[in-house]
Amino acid sequence: MSLNPIDLLDYAGVAVFAASGALAASRKQLDIIGFLFLASVTAIGGGTFRDVILNLPVFWVGNSSYVLICAVVAVLVFFSAHRVESRWKLLLWLDAIGLAAFSVMGAAKGLAITGSPVVSVVTGVLTATFGGILRDLLAGEPSVLLRPEIYVTAALAGATLFTLGDLAGLPPLASGLAGFAAAFLVRGGALKFGWAFPSYKSRPGRRPEDIP
Amino acid sequence: MSLNPIDLLDYAGVAVFAASGALAASRKQLDIIGFLFLASVTAIGGGTFRDVILNLPVFWVGNSSYVLICAVVAVLVFFSAHRVESRWKLLLWLDAIGLAAFSVMGAAKGLAITGSPVVSVVTGVLTATFGGILRDLLAGEPSVLLRPEIYVTAALAGATLFTLGDLAGLPPLASGLAGFAAAFLVRGGALKFGWAFPSYKSRPGRRPEDIP
Amino acid sequence: MSLNPIDLLDYAGVAVFAASGALAASRKQLDIIGFLFLASVTAIGGGTFRDVILNLPVFWVGNSSYVLICAVVAVLVFFSAHRVESRWKLLLWLDAIGLAAFSVMGAAKGLAITGSPVVSVVTGVLTATFGGILRDLLAGEPSVLLRPEIYVTAALAGATLFTLGDLAGLPPLASGLAGFAAAFLVRGGALKFGWAFPSYKSRPGRRPEDIP
């Protein structure tokens with residue numbers, strides 16, 4: 001098991017996304033197995049999607065560490081989440097760290113396999129956002145996608161900066177850290193200060209039955 | 001970049017599905033990045049699913065045009081959707097064009113790879129419907145699947161007619177146009193005149209907690 | 001078409017999951033094509049996911065029997081579901097049989113391909129639960145994941161027992177039957193007697209806007 005910085009980022013991303021999934025399970029008052037399930041789906045969903053799209057062997061099939069990390073994190077959260085004052089806020093901050101880590105990991109794998117900067121940015125964004133989207137869909141939480149603060153943009157910033165750094169010939173550690181920092185600062189700023197783009201305000205959608 | 005008629009159908013399908021995704025984003029008052037995200041997922045979701053199932057390289061990984069089309073369409077819709085009187089109706093009509101285009105494209109690829117008419121029809125239906133289902137799920141809209149008018153049936157008509165035409169030895173352009181026309185007429189008739197099959201009317205489902 | 005016991009379990013699982021999908025369609029008063037669609041997605045969704053993750057050819061692409069089974073079951077349910085007193089209860093019991101069959105099938109395929117017991121358990125659980133999760137998501141039913149009775153645990157029990165039996169050198173029929181029985185008894189007990197693990201009761205989640 002090699003442990004270069006990019007791999008560490010990967011394990012860290014899995015651990016924090018697993019914790020965010022387990023916190024969603026605690027909000028829904030599921031049992032321990034529900035914690036394991038939501039933690040695993042959240043943590044390995046994005047990377048699974050990335051590997052399937054790139055036609056690579058799925059990362060956790062060849063390395064059981066990932067699934068075991070999810071299991072350990074889920075158990076730890078099961079026995080400690082009641083001590084957390086606002087599980088929703090903690091979930092969002094852990095999600096922000098995972099988002100930053102996976103935007104770099106997803107872009108790095110996409111770029112390594114295809115050499116295409118466009119694919120690199122897209123796989124970065126999908127890897128970073130897909131696990132959280134799945135978590136919210138399965139837990140019946142309001143989707144992080146539809147909330148007003150910046151979310152996908154942070155993943156886009158991280159994936160883009162990593163890709164540009166790599167194209168500019170920076171070493172992987174430097175462009176990886178730059179991408180991680182960019183994504184985390186953007187998402188963290190959105191959480192802390194409510195940063196948001198001007199949204200499409202003109203008119204909210206009507207329900208289909210209200211349209212004449 | 002070859003531009004035979006089937007490829008054009010593919011680009012057109014991506015563009016109209018992207019527009020339908022962007023209109024869903026405008027109904028939910030998302031920001032520009034939300035428009036890009038929903039447009040891309042809607043437009044390339046069905047084809048991605050098709051390629052993964054057929055174990056082919058995913059179409060947009062090898063050709064960045066698709067992602068760029070989604071980006072351009074999302075930006076155009078962001079700056080023009082407020083001029084549309086009923087975004088929901090426009091969304092449904094664009095969805096109908098995309099449904100027709102992708103029912104043919106999905107069937108063509110499934111038939112070319114496996115030679116099986118059953119697989120051809122199934123991949124046609126899945127390619128045509130999956131992007132719109134994802135869009136509705138992610139945007140929290142009422143799923144087009146559950147609405148009373150004919151939807152999946154239109155995709156089934158297009159995929160089946162294309163497959164039969166191809167088996168009968170028609171040139172791809174002819175069977176492709178026949179399939180496209182069939183799917184669009186069926187779905188368009190459903191939208192315009194409320195066509196619906198006799199549905200399963202006997203009793204609506206009860207909520208689980210109401211069952212003794 | 002070989003018909004060893006494991007294959008029979010596979011066909012039986014597809015048939016009962018198809019019936020559960022068709023019953024969900026009847027609860028939502030869909031038309032016959034809606035029955036076909038939900039039956040197919042429920043019945044072949046889990047196995048499709050398993051094969052994609054294991055990088056195998058998707059099982060129903062090479063063998064049309066599966067899709068035809070779904071079609072026949074959907075039509076039968078369309079013409080008979082109104083005679084069933086509680087379609088929701090029947091749906092849950094059919095789902096339990098499918099869950100048990102697919103927990104073994106999924107584990108067997110995962111173990112055969114990778115040799116890893118961890119992967120075997122994970123693919124068993126995912127194969128068994130993914131079809132039902134998709135059915136509930138697409139039909140807008142309360143997700144079986146979030147209900148208090150034991151669900152994922154039953155799949156875990158079946159996949160684990162099969163994997164242990166296989167590692168212990170039991171013949172496939174014996175470990176398969178043991179896994180099937182374990183999963184069905186656990187899930188059946190949950191349905192019949194309301195078995196549930198102690199769930200995470202301390203505090204229900206608040207809505208994000210209620211958090212100060």
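The values are calculated or read from the model by the stated rules, or taken from the named source; none is laboratory data. None of these values were measured; they are calculated from a predicted model. Reconstructed Cβ throughout: ideal geometry from the backbone, glycine too, with neighbour counts over all protein chains shown. In case anyone asks, the SASA skips ligands and DNA or RNA and just uses the protein heavy atoms, side chains included. Shrake-Rupley method; radii C 1.70, N 1.55, O 1.52, S 1.80 Å.
All of (1) open to solvent by 10 Å² or more (accessible area, probe 1.4 Å); (2) farther than 30 Å from B:Trp195 by Cβ; (3) more than 10 Å from chain A (Cβ to nearest Cβ) hold for B:Ser40 with one exception: (3). Selection of segment C:111-122 for residues being within 16 Å of C:Pro172 (Cβ to Cβ) and within 18 Å of the chain's Cα centre (by Cα) yields only C:Ser120. Number of residues in segment C:135-155 that are touching a Ser or Thr at 6+ places or on another chain (Cβ under 8 Å) and open to solvent by 40 Å² or more (accessible area, probe 1.4 Å) equals 3.
Which ones in segment B:50-63 are more than 10 Å from chain A (Cβ to nearest Cβ) and assigned to a helix (DSSP H, G or I)? Give the steps one after another, and end with the answer.
Keep residues of segment B:50-63 that are more than 10 Å from chain A (Cβ to nearest Cβ), which gives B:50, B:53-54, B:59.
Those that are more than 10 Å from chain A (Cβ to nearest Cβ) and assigned to a helix (DSSP H, G or I): B:Arg50, B:Ile53.
Screening segment C:5-30 for residues that are open to solvent by 20 Å² or more (accessible area, probe 1.4 Å) and without any contact (Cβ under 8 Å) to a residue 60 or more places away in the chain and picking the one that is nearest to the other protein chains (Cβ to nearest Cβ) gives C:Gln29. Within segment B:104-125, does at least one residue satisfy the condition of being part of a helix (DSSP H, G or I) and within 14 Å of chain A (Cβ to nearest Cβ)? No, segment B:104-125 has no match at all.
From the residues in segment A:145-156 that are part of a helix (DSSP H, G or I) and within 11 Å of the chain's Cα centre (by Cα), which one is modelled with the lowest pLDDT?
Applying the first criterion (part of a helix (DSSP H, G or I)) to segment A:145-156 yields A:145-146, A:152-156.
Next cut, within 11 Å of the chain's Cα centre (by Cα) only: A:152, A:154-155.
Values: A:Val152: 90, A:Ala154: 93, A:Ala155: 95.
Applying the filter and picking the extreme gives A:Val152.
Evaluated against (1) in a helix (DSSP H, G or I); (2) closer than 19 Å to C:Gly140 by Cα; (3) more than 10 Å from chain B (Cβ to nearest Cβ), A:Glu141 falls short on exactly one condition, (1).
Looking at A:Ala183, A:Ala159, which is the one that is at pLDDT 90 or above, over 23 Å from A:Ala24 (Cα atoms), open to solvent by less than 40 Å² (accessible area, probe 1.4 Å) and small (Gly, Ala, Ser)? Show your work before the answer.
On the way: A:Ala183 fails: over 23 Å from A:Ala24 (Cα atoms).
The conditions single out A:Ala159.
Do we have C:Phe79 as in a loop (DSSP other than H, G, I, E, B) and either touching a His at 6+ places or on another chain (Cβ under 6 Å) or surrounded by fewer than 22 Cβ atoms within 10 Å (Cβ to Cβ) (or both) here? Here the answer is no, as C:Phe79 does not meet what is asked.
Can you confirm whether segment C:86-99 contains a residue that is open to solvent by less than 40 Å² (accessible area, probe 1.4 Å), in a helix (DSSP H, G or I), facing another protein chain (nearest Cβ under 8 Å) and not acidic (Asp, Glu)? Yes: one or more hits.
Would you check which residues across segment B:189-212 are modelled with pLDDT of 70 or more and in contact with a Phe, Trp or Tyr (Cβ under 8 Å, 6 or more places away or on another chain) and list them?
First pass over segment B:189-212, keeping only residues modelled with pLDDT of 70 or more: B:189-198.
Answer for segment B:189-212, where residues must be modelled with pLDDT of 70 or more and in contact with a Phe, Trp or Tyr (Cβ under 8 Å, 6 or more places away or on another chain): B:Gly189, B:Ala190, B:Leu191.
Look at (1) in contact (Cβ under 8 Å) with a residue 12 or more places away in the chain; (2) over 24 Å from C:Asp51 (Cβ atoms); (3) small (Gly, Ala, Ser) and you find that A:Gly45 fails only one, number (2). Every condition in (1) of a type in the set (D, E, K, R); (2) open to solvent by 10 Å² or more (accessible area, probe 1.4 Å); (3) under 24 Å from A:Thr48 (Cα atoms) holds for A:Lys192 except the one numbered (3). Is there a residue in segment A:68-83 that is under 22 Å from A:Ala100 (Cα atoms), within 12 Å of chain C (Cβ to nearest Cβ) and touching a residue at least 60 places away in the same chain (Cβ under 8 Å)? No, that holds for no residue. Of all residues in segment C:139-155, which are of a type in the set (A, V, I, L, M, F, W, C), more than 18 Å from A:Arg135 (Cβ to Cβ) and out of contact with any Phe, Trp or Tyr (no Cβ under 6 Å at 6 or more places or on another chain)? Within segment C:139-155, C:Ala139, C:Ala154, C:Ala155 meet the criteria.
Being open to solvent by 20 Å² or more (accessible area, probe 1.4 Å), aliphatic (A, V, I, L, M) and at pLDDT below 95 is the requirement here; does B:Leu126 meet it? Yes; evaluated as a whole, the condition is true for this residue.
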